[in-house]
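Following: one structure in structure tokens, then a few remarks.
The values are calculated or read from the model by the stated rules, or taken from the named source; none is laboratory data. The shown structure was predicted, so the numbers you read here are calculated from the model rather than taken from an experiment. Cβ atoms come from the backbone with ideal geometry, glycine included; neighbour counts cover every protein chain shown. Surface accessibility is based on the protein's heavy atoms, side chains included, excluding ligands, DNA and RNA. Shrake-Rupley method; radii C 1.70, N 1.55, O 1.52, S 1.80 Å.
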Amino acid sequence: MKQFSNYVYLFLFSALVLGLFSFGLPRSAVQAAQASPTPQASESRADCNASRTINVSGTAVVNVTPDRALIQLGVQSNGLTPDAVEAVNAAAIQKVMKAVQARGVADKDIATDLYVIEPIYEDYDSLYIKGYRINNVIAITLRDIQQTSPVIAAALKAGANQVLNVEFYTSELRKYRDQARELAMQAAAEKADDLAGAAGAEAGCVLNINENTWSYYNGGWYGRNQNLWTQNTVQNAAPGGGAGHTAGDEPVSLGQISIQAEVGATFSLK
């Protein structure tokens, strides 16, 4: 019986030693790994030394031929009473909308943009109302921008007496905005490399990126002139389908619209 107890004690002692050895081995391995970093980890920390940095900016513009047009036009009507002016204006705006639809514009692309009825006073200081005025403005989205001039002419012929705005834009703004962002970041990285090299250093990893969202899109002369202030990242996007057609006798010249991105970035210095 005593001999059996000795065997039990020996077995428990062996199990305890084996458990302690198994538990301590992974901790030792982890400590050894922490004490001896790999060369790649050391190089990565050296590239990302935040004690020496360089701050740069990058700007890019993508020029795109527009494929959409937004026209804002309306009917202004005057009358002696609210009912009278409303009847006249409603009839006139319906004629305008039918004329626009006859040019191939879908119902979903015609929306009321502004509807205001206001009194007309005898003079500035008078409270005497001599009549009423309605401003009824509709917004028309053209998916065929070659119809811009014919649609405006048809609306005016049907009774529209206001053309408030004609704006060209692209239906793929997200696509070209992403391209502009990528080019802007590329410009910032190139500038960091050039400036660091001129100072006898080398640009390392990116520590921080800030995007300036003040301007993504500009059309007309203002947007095109801004290209003069960018770096070497002005890009002309290839027109798709018939959107790039600007030749012929059309009175509307599409030209290009500018989609811009600007970023600020901080790089480490090696």
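Restricting attention to region 93-171, which chymotrypsin sites (Phe, Trp or Tyr not before Pro) occupy a DSSP loop and are surrounded by at most 14 other Cβ atoms within 10 Å?
Loop-located and lightly packed - Y124, Y128.
Quick check for you: with a 1.4 Å probe and neighbouring chains kept, what is the accessible area per residue of region 78-196, in Å²?
Result: 59 Å² per residue.
Return the equivalent ellipsoid semi-axes of region 52-190 as a descending list in whole Å, where each equals the square root of 5 times an eigenvalue of the C-alpha gyration tensor.
Here the semi-axes work out to 44, 22, 10 Å.
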